[in-house]
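Working notes, structure below.
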């Protein structure tokens, strides 16, 4: 009962070096589950932590989870579109880091604290 | 598809029916609940936040989930050993990112998460993205984070810096957030376990090499370097290069576009010699290294299929750079009097430098004077 999809085996590249050998198989679901768990950890961190910088770190964690899922799908379909999209994920992450950190520095200068709840009056 | 309990199927995996319909969803939900408990235990709380206990519970949940997945996959389809190491490392350090009370350690553990994910990428044979991830993410983005964390540390004295701030010590709404998060995880993973089963591998490694038909120079170089045995006109076996002297790749037309005649689907490379006679090289004579490397594949896909996206990515980066410069710029408020003072100070520094005959940076006006 082959319920999990098998990636076709690849003996090339680093897989051999990693000890997988020619017959190592990879299942898609394992990677998707790892990506899901990482995304949820990032989500929980974003909701619970009160430090602005850590909140942004948690968004990066969620980006990373999306990246793992994209690469796994790319490998599963044996094309490079997923990997190409990870390049754009990296781009967006870099842009987000630059802007978010500039904002954090700005907010820190205003109130001398990184506490997100210091800005509750912005609820409007 | 409901299969009858034992023996009705192929019988090679008799407990499959049980696993498929009963064990696996329950294991999944137990694992999710256990994981939620682990995260909840590890999250920072004012009095006592035992990360180790939380990590052990979370690790048990992860192990349970992997066992469930492995049972479902069957013993022939298990991922290789390194997958478990890298994913446990990635998830464990991700947990530490959100539970460590000190931001700087959170950032360092995030670097560990990145490196472990790079390992996962490597297992998926995405070499190019592995290196891009390590260089861009661990090397550049995280260093920016570390800089900002160090810049934005509060407290007037060293002792105050050493003390944990109140908002780092206490999580906000940990129970609700963990519950919501793991409810999402249970939903996501149960859909994964049941919903996408009809997905099939729809491409083979053959399709992976289609881009070779636009890389004439590479194909010619490889064909010229590889040697193959053939009999010449008088019947003597000689060793010759696959692409003989005077021959070059022919052209073919695919969907109205002219390409090099490297037909991966049919398994035929057509070459033409100086006289214009065509010759076909079948797949069994192709050299082993006639294939697309990962970097080439990513590059070709990027340039061929997503050219507009690259432009947009460039614009996004430019906007982000401008935005960051505008946002983080520090406005210096100066009234007329202060401006005059600053000008006078610079002038006197310049004159002092002249009198001392200083060269180099000290001869520059204003350096070190206006801090």
Separation between Cα centres of the range B:333-347 and the range B:275-293, rounded to whole Å: 76
Provide a whole-number value for the mean count of partner chain Cβ atoms within 10 Å of the Cβ atoms in peptide A:51-64. 6
Length-normalised contact order of the range A:28-124, Cα under 8 Å, at least 6 apart, in percent, tallies to 28
For the range B:65-146, what's the relative contact order in percent, using C-alpha pairs closer than 8 Å and at least 6 residues apart? 25
Report, as an integer, the average count of C-beta atoms from other chains found within 10 Å of each Cβ along B:301-307. 4
Residue mean of other protein chain beta carbons inside 10 Å, A:101-109: 6
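Every read-out reported here was derived from the displayed coordinates using simple, explicitly stated rules and does not represent laboratory data. What you see is a predicted model; the values in this text were computed from it and never measured. Neighbour counts run over all protein chains shown; Cβ positions are idealised from the backbone, glycine included.
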